[in-house]
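Here's the structure we're looking at; comments come further down.
Derivation of every value follows stated rules applied to the coordinates shown; laboratory data play no part. Not measured: the values here are computed from a predicted model. Here the Cβ is made from the backbone with ideal geometry for all residues, glycine too, and neighbour counts use every protein chain on show.
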Amino acid sequence: PPIVAIVGRPNVGKSTLFNRLAKRPKAITHDRPGVTRDRLEATVELGDRIVTLIDTGGMDFDAPEGLERQIVVQAEIALTMADVVLFLVDGKAGRTAMDDEMAERLRRAGKPVIVAVNKVDGSERIPALTGDFHAWGFPILPLSAAHGHGLQDLAETLAKALPEKETPGEEALPAPEAGIRLAVLGRPNAGKSSLVNELLGQERLIVSDVAGTTRDAVDVALVKNGRRYVFVDTAGVRKRTRITDGLERYSVGKALGSAKRANVAVVVIDATGGVGVQDKRLISYLDKERTPFLIAVNKIDLVPQKDMIALRKDIQDELRMCGHVPVLYISAAQRKGIGKVLPMAEEIWKECQIRVGTGALNRAMREVLDKHQPPLVNGRRAKFYYLTQASDPPPTFVFFVSDTERVRDSYMRYLENGLRKLFGISMAPVKVVCRASHK
Ligand code: GDP
């Protein structure tokens, strides 16, 4: 679901509003931060929409540097993960410098921001209490979280500001339960067509030649075991003999374009040729772009049994730059191993969907940090404040740290591996990002 994040300086009533919207009894206490963290996220109905509501207020459990810092951290968290930001201010106290600071930060990100003016307990006082806040140019809504006034309006306004519901269109990626889109990539003659043909061959075939933007953007759909798969950009894939063999130009750019139209890519490599320069280029691009993919080493029927071990070792060496990518050994011609392709692709896509709750994320962060603290760089260590997950697949983890300069690549890799282990992400790409939260 889309995410709505509540931000605002302390004591404006964030947790009261959160609990109202989440229809929960008043949170017991926020005195001991780590304890209440799990309550800061709730699934909430807003009008006809379901959203994840997040209170960023209780999240700054490790930001001792004072209020200013909290504003910064909150704003960054909200802007990283939220679709809509609910900026809560105190109508009784009026506009403060810290509110201005927050407004400024929120404005820069260009996400929808709704300002809710809290503690407006009677309608006759609305103009007097909200007047100050119009200067920012955000939509303004008066309310009383404590008395429950104005909540209906707020819910409707937030619902309207949310991104459109996804409509199933040609380009919309289907939900995971609806099956997945696959791009089969690789050098000419690696066996892409043969593989797709074999996958399609024995099954009831639903062929839909969707006229794409280019002549060769032909998508082919397959229903197997009640699941739907779409192979994207498969020009000529159904022809068993192709006159154009050898003429096909290999373009990494085109391959990447296809990968972007799919959920998971399958890179087909010819076992008899090994991992070539072009294969490596494609793989390293896919890896850099954090594309979910698997590798199918094809034509193993042509490899003598005694050479298989050496082949596997070669391939492993060639691919050590992306150790998480699974490798299948197949023969399209002899139908060996191809039954594993679709289930493995689905497994990868499933891992891409993993969403980790706020509490679990930050417990995980503590755990990996405690095991290995960030190294001293120029006499100091980076401080890690908070961990969030961005909303889109593949899993993208954003650490908020005091100083990104002090976080080295090797430590980033350590963090990635730690998160992979804790959350069971073994084959999907994982993005780990550090963001500075200084002023
Ligand atoms: P594409 O250009 O990647 O689509 O490759 P094709 O599917 O057209 O295959 C190229 C050639 O390799 C064809 O002559 C296929 O018959 C052959 N081929 C494909 N897969 C296999 C395999 O597993 N074993 C063997 N021996 N030949 C294969």
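What do you get for Rg/Rh over region 241-372 if you use C-alpha atoms and the Kirkwood form of Rh? That ratio is 1.05, to two decimals. Going by neighbour counts of Cβ atoms within 10 Å, the residues 371, 421, 192 line up, fewest first, as 371, 421, 192. Packing, as the average of other Cβ atoms within 10 Å across residues, places the peptides 336-343, 132-139 in the order 336-343, 132-139, highest first. Amide H contacts for residue 396 (H built 1.01 Å from N in the peptide plane; partners 5 or more residues away or on another chain; cut-off under 5 Å): 390, 431. Pairs of alpha carbons in region 358-436 separated by more than 18 Å make up 34% of all such pairs. Taking only the alpha carbons of region 252-314, we obtain Rg and Dmax values of 13.0, 39 Å in that order. Exposure proxy for 356, 266: other Cβ atoms within 10 Å of each Cβ, ordered fewest to most, give 356, 266. Dividing the convex hull volume of the alpha-carbon atoms in region 336-379 by its residue count gives 144 Å³ per residue. The residue among 316, 269, 259 whose Cα reaches farthest toward the positive pole of the charge dipole of region 258-332, with charges on the beta-carbon of Lys, Arg, Asp and Glu, is 259. Which translational diffusion coefficient, to the nearest whole µm²/s, is obtained for region 103-155 from the Stokes-Einstein equation, given a Kirkwood hydrodynamic radius over C-alpha pairs, 37 °C and 0.692 mPa s? The diffusion coefficient I find is 279 µm²/s.
Step through the table entries 254/288; 160/431; 119/383; 192/336; 260/421, compare each Cα-Cα distance with 24 Å, and write down the pairs that go over it. In this structure, 160/431; 119/383; 260/421 lie more than 24 Å apart at Cα. Computed over region 307-439, the P(r) curve from all C-alpha pair distances, binned at 5 Å from the origin, holds 2, 9, 16, 18, 16, 12, 9, 7, 5, 3, 1, 0, 0 percent per bin.
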